[in-house]
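Each remark here refers to the structure printed beneath this line.
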Ligand code: TXA
Ligand code: MG
């Protein structure tokens with residue numbers, strides 16, 4: 001299969017690009033498209049065969065539910081029940097935006113493989129002009145996980161989607177680099193108080209400012225059945241082993257020296273200001289303490305490591321303010337919990 005990449009940024013033939021995307025989706029195919037968080041790989045959420053193609057293209061385990069994307073807030077009522085007053089407030093405040101709300105589903109509407117094994121459905125309205133235009137032209141919901149091969153970092157640029165899925169999907173709508181850079185926050189609204197199943201683009205502070213206290217799901221351990229099934233798989237991993245390291249310039253330089261003395265080539269992911277001139281590669285992810293910038297740039301930096309011959313990657317940790325929670329959640333997964341200390 002040939003994968004076409006069409007720019008919908010300032011494209012001359014934008015209308016034609018959406019028409020092509022809608023045609024593919026209506027005929028049961030998949031299309032990659034940008035959202036404000038990461039690129040998604042969409043199929044019409046009520047079409048089981050179409051959704052099956054998402055799992056095949058991604059190589060994704062089929063017990064992991066998909067988020068349903070809608071183009072209008074009111075559509076949530078077509079798929080979910082138990083929409084509480086708090087949920088209404090959250091939708092008012094965050095939609096369109098990086099917050100996925102998990103509700104009890106109305107049975108028999110979204111395809112069974114969108115919500116395998118669960119009685120709930122995760123829904124969000126993405127805040128990206130291309131995603132919204134596509135959803136509205138289509139007039140139907142899109143089931144869409146991140147458009148990466150399973151296990152790889154989520155794509156924040158169309159080229160990332162192409163690297164992973166070229167030959168496996170017919171079309172990528174290229175809307176440039178995504179803004180938020182980490183996936184949406186997944187919030188379980190079926191329990192009181194609601195529980196954050198996955199930290200993401202809407203922070204706990206932002207959510208609590210609207211509805212008061214929420215809980216955070218205990219970080220999944222192998223023994224515990226994860227509440228957000230996706231959290232149990234290896235995620236966001238580069239090819240070389242990744243270790244989290246303290247935000248300490250001197251410690252990093254020493255670590256690089258030590259590793260190089262063992263004959264290893266070292267890539268470092270860290271803040272703009274650090275001077276780690278002994279590193280074989282240094283990928284800057286924004287000003288120190290700017291966790292929002294780090295979220296935007298993290299996946300691209302991890303992917304860049306795959307284009308080096310690094311034997312080991314050291315990723316500088318950040319504090320847990322704002323987007324820091326989501327950033328550290330992804331780094332913990334990419335490192336499988338490994339930390340480097342001298
Ligand atoms: O920002 C995002 O959320 C991106 C863009 C494309 O919208 N999508 C995304 O999808 O990250 P995916 O499939 O890579 O991650 C969805 C996460 C998984 O951890 C999954 O387990 C969880 O959401 N999830 C989806 N539906 C759920 C449900 N009904 N109950 C619990 N967790 C659910
Ligand atoms: Mg994903």
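The values are calculated or read from the model by the stated rules, or taken from the named source; none is laboratory data. All of these numbers come straight from a predicted model, not from anything done at the bench. Cβ atoms come from the backbone with ideal geometry, glycine included; neighbour counts cover every protein chain shown.
Selection of region 26-43 for residues being under 22 Å from the mean Cα position of the chain (by Cα) and surrounded by fewer than 24 Cβ atoms within 10 Å (Cβ to Cβ) yields 29, 36. Residues of region 88-116 that are assigned to a helix (DSSP H, G or I) and in contact with a strand residue (DSSP E or B) (Cβ under 6 Å, 6 or more places away or on another chain): 114 alone.
Does residue 226 count as surrounded by 14 or more Cβ atoms within 10 Å (Cβ to Cβ), modelled with pLDDT under 95 and not assigned by TED's automatic domain parsing to the domain that holds residue 312? When the stated conditions are applied, residue 226 passes them.
Elements of the type helices (runs of 4 or more DSSP H) sitting completely within region 235-342 and holding at least 1 residues that are farther than 24 Å from residue 217 by Cα and free of Cβ contacts under 8 Å to residues at least 12 places away in the same chain: these cover 249-261, 291-305.
Residues of region 117-143 that are part of a loop (DSSP other than H, G, I, E, B), more than 8 Å from ligand 1 (Cβ to nearest atom) and at pLDDT 95 or above: 119, 125, 127, 128, 139, 140, 141. Note on region 19-51: among residues that are in a helix (DSSP H, G or I) and either outside the structural domain of residue 200 (by TED's automatic domain parsing) or touching a strand residue (DSSP E or B) at 6+ places or on another chain (Cβ under 8 Å) (or both), the one that is farthest from residue 118 (Cα to Cα) is 20.
Among the residues examined, residue 193 qualifies as modelled with pLDDT of 95 or more, more than 16 Å from the chain's Cα centre (by Cα) and over 15 Å from residue 326 (Cβ atoms). Being out of contact with any strand residue (DSSP E or B) (no Cβ under 6 Å at 6 or more places or on another chain) and either surrounded by fewer than 21 Cβ atoms within 10 Å (Cβ to Cβ) or touching a residue at least 40 places away in the same chain (Cβ under 8 Å) (or both) is a property that holds for residue 85. Taken over region 144-169, the criterion of being assigned to a helix (DSSP H, G or I) and touching a helix residue (DSSP H, G or I) at 6+ places or on another chain (Cβ under 7 Å) is satisfied by 160, 165. The set of residues in region 162-184 being more than 15 Å from ligand 2 (Cβ to nearest atom) and closer than 13 Å to residue 41 by Cβ consists of 162, 166, 168, 169, 170, 171, 172, 173.
Scanning region 182-201 for residues that are assigned to a loop (DSSP other than H, G, I, E, B) and within 10 Å of ligand 1 (Cβ to nearest atom) turns up 182, 183, 184, 190, 200, 201.
What residue, among those in region 322-331 that are in contact with a helix residue (DSSP H, G or I) (Cβ under 6 Å, 6 or more places away or on another chain) and farther than 15 Å from residue 207 by Cβ, is surrounded by the most Cβ atoms within 10 Å (Cβ to Cβ)? Per the criteria, the residue is 327. Mind checking whether some residue in region 146-156 is surrounded by fewer than 22 Cβ atoms within 10 Å (Cβ to Cβ) and more than 16 Å from ligand 2 (Cβ to nearest atom)? Among the residues of region 146-156, not one is surrounded by fewer than 22 Cβ atoms within 10 Å (Cβ to Cβ) and more than 16 Å from ligand 2 (Cβ to nearest atom), which makes the answer no.
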